[in-house]
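First the structure, in the form of structure tokens, and then the observations on it.
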Amino acid sequence: MSQLARNTFLLTAASIGQKAIAFIYFAVIARTIGADATGSYFLALALTTTLGAIDDVGLTSVLVREVAREPKQALEYARNVIGNKLLLIPITVLLAFLAPRLLGFSVEATMLTQIAVFVMLLDTISLSMYGVLRGQQNLKFESIGIFIGQSLTTLAGGVALYLGTHDLRWLIVALIVGSGWNAAFAAYNVVRRLGIQALMPSYSLGWKPLKMASMFFVAAVFVKIYSYVDSFTLNMVLGAGAVGVYAVAYKLTYSFQFLPLAFIGALYPTMSAQAHSPEKLKQTLLSAEWYLALLAAPVVFGLFALAPEIINFFYGVKFADAAPTLQILVFALLFIFLDFPIGALLNASGRQATKTGIMGVTMIINIVANLLLIPVLGIPGAGVSALLCFSFMFFAGFYFVRQSVDVTVYDIVSFTGGSIAAGGVMAAVVIISKAFIPWFATIPLGGLVFFGVAFATKSLTLDHLKSLGRLLPGMKSTNVKEEIAEV
């Protein structure tokens, strides 16, 4: 099995376990503490996650890229990244204490945000340490770390809820436990490879890392803002209870991002190494689009078809209003999946400024759409805004990718259309059949329909299943269609 396929498998397997635990954990939290408290909890984490982008300022993306290109520079870049982060941390801590008031947070949400600062600081450490290992194309330890970290958080939070302690501060403490493990585990494995000096800050590269990271940083800020502006707007317009309802749909939708995230974590270094080979980049891009469409279609159309039943089963009738929003948000997920390889190609080929510009426009679209649609449509307005901004991001990214590689609309459609069509047929069958059989029985039925149509349209073949481990690297043919046939 190729290095990329092996790394993708490891991180995907760990992410599946981590997200499964996180999904159940959040469902228990929501059912236990209700919509208002869930909203406060979600707002605190949304803000500290957004501020975490300032802690990193894009340095980890530079770290991954430079270590992948020049492995001998791993130690120097790791030390310089740590040095720069030590200068930035006081700024984010100050903002974490000031921003809640500016955003109209409640007293409870403000207090939770201030405690969650510790989660933010620990996460920025583990992010860069895992970045070193990603650059070396070794995702085994990150896979282990994220799974154990989530397990520890769930255990600590579960104990607090079981003991009847509904004080939300203990749920933040549970997050600190998991983040602390990840920071320690990641640092330990970097030290094993580079020595204890890897943790000693250095400024030997001067402003070079920050200059290289500037576009990554701006892009990260744009991502965080357009990811959470919906929650902040809902809080200001409708209150924390609306955020709690929306958080259910949001968590359900974006919990599946681990699929492309795990894949791109392994794909990005590969694309960086192929930056000077347009034909290889095209092969890699189309292979990735095929793979992610195959993953996205059953998730998106399955959630659309069963949204009311899933919400009621996991969260209870008090969160029923989340179902319409979920049915809108899931289609944004399709564009998110398909955009990941495009964004990775732009960044890996040194066109991060272009990607950043797209993200900036996307952020503006999302802010304006939320301000206009939430007062009119309520909570579903946030879902419509997300769909608008992520579809724009995909189409804009594709337009600029065509300037780097010779890829056409026909190429994209031919590699993704069969899976999307199979998902649409599956959704229709599930919606009709759930009126006659228990909804959970429609899940295996839908799976059979999806794979049946996928095989019929040849978007999935037996050769694909036999050779999936050889997904991208190791392809011998110069014909993209032939390479995909070997996947």
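The values are calculated or read from the model by the stated rules, or taken from the named source; none is laboratory data. Since we're looking at a predicted model, the values are computed, not measured. Positions of Cβ are generated from backbone atoms using ideal geometry, with glycine treated the same way; all protein chains shown enter the neighbour counts. These accessible areas exclude ligands, DNA and RNA; they are computed on the full protein's heavy atoms, side chains included. Shrake-Rupley method; radii C 1.70, N 1.55, O 1.52, S 1.80 Å.
Given the alternatives [x] 21.9, 68; [y] 24.1, 73; [z] 24.3, 83, Rg and Dmax of the Cα atoms in Å as computed for this entry is given by [x]. Here the extension length gained between Arg69 and Val361 equals 102.1 nm, from 0.36 nm per residue of separation less the Cα-Cα distance. Which whole-angstrom value gives the distance between the alpha carbon centres of region 204-250 and region 114-144? Result: 18 Å between the Cα centres.
Peptides 148-159, 440-451, 232-243 ranked from most to least packed, by the mean per-residue count of other Cβ atoms within 10 Å: 232-243, 148-159, 440-451.
The spacing between region 84-112 and region 367-398, judged by their C-alpha centroids, is 26 Å.
Estimated from the Cβ-Cβ distance and a Förster radius of 41 angstrom, the FRET efficiency linking Ala441 and Leu102 is about 0.25.
Only helices enter the 222 nm calculation for the chain: every DSSP H run of n ≥ 4 contributes -39,500 (n - 2.57), and dividing by all residues gives -29000 deg cm²/dmol, rounded to 500. Could you pull out the chymotrypsin sites (Phe, Trp or Tyr not before Pro) across region 291-331 that fall in loop regions by DSSP (anything but H, G, I, E, B) with no more than 12 other Cβ atoms inside 10 Å? Listed in order of number, the matching sites amount to none.
In this label model, Val159 and Lys318 are separated by 2.6 nm, measuring between points 7 Å along each Cα→Cβ vector.
Taking a sphere under 15 Å around the Cβ of Asn366 and counting the other residues whose Cβ falls inside, with K and R at +1 and D and E at -1, yields a net charge of -1. Spacing of the modelled spin labels on Glu279 and Ala428, each 7 Å from Cα toward Cβ, amounts to 4.1 nm.
Treating r as the C-beta distance of Val376 and Leu87 and R0 as 60 Å, the FRET efficiency rounds to 0.85.
Summing Cβ point charges (Lys, Arg +1; Asp, Glu -1) relative to the Cα centre of the chain gives a dipole of roughly 800 debye.
What percentage of the solvent-accessible surface of region 120-272, computed with a 1.4 Å probe over protein heavy atoms, is contributed by carbon and sulfur atoms? Here carbon and sulfur together make up 69 percent of the probe-accessible area. For the chain, relative contact order (Cα pairs under 8 Å, six or more residues apart, normalised by length) works out to 20 percent.
With a cut-off of 14 Å between beta carbons, the residues surrounding Thr113 carry a summed charge of +1, where Lys and Arg count +1 and Asp and Glu -1. Entry comment: accessible area of region 1-140 is 38 Å² per residue, from protein heavy atoms only and a probe of 1.4 Å. Rg and Dmax of region 104-144, both derived from C-alpha coordinates alone, stand at 15.2, 44 Å.
Solvent-accessible area assigned to carbon and sulfur over region 20-68 amounts to 64 percent, based on a 1.4 Å probe.
Among the listed pairs Lys85/Lys355; Lys72/Lys251; Lys251/Lys280; Lys85/Lys282; Lys208/Lys282, a Cα-Cα separation exceeding 28 Å is found for Lys72/Lys251; Lys251/Lys280; Lys85/Lys282; Lys208/Lys282.
Note on Ser433: accessible area approximately 20 square angstrom, rounded to 10, probe 1.4 Å, nucleic acids and ligands left out.
Span-like helix criteria (full DSSP H runs; alpha carbon extent of at least 24 Å along the helix axis; mean Kyte-Doolittle hydropathy of at least 0.5) are satisfied in the chain by 3-56, 74-102, 107-135, 140-162, 168-194, 208-238, 278-315, 322-348, 352-377, 379-401, 409-433.
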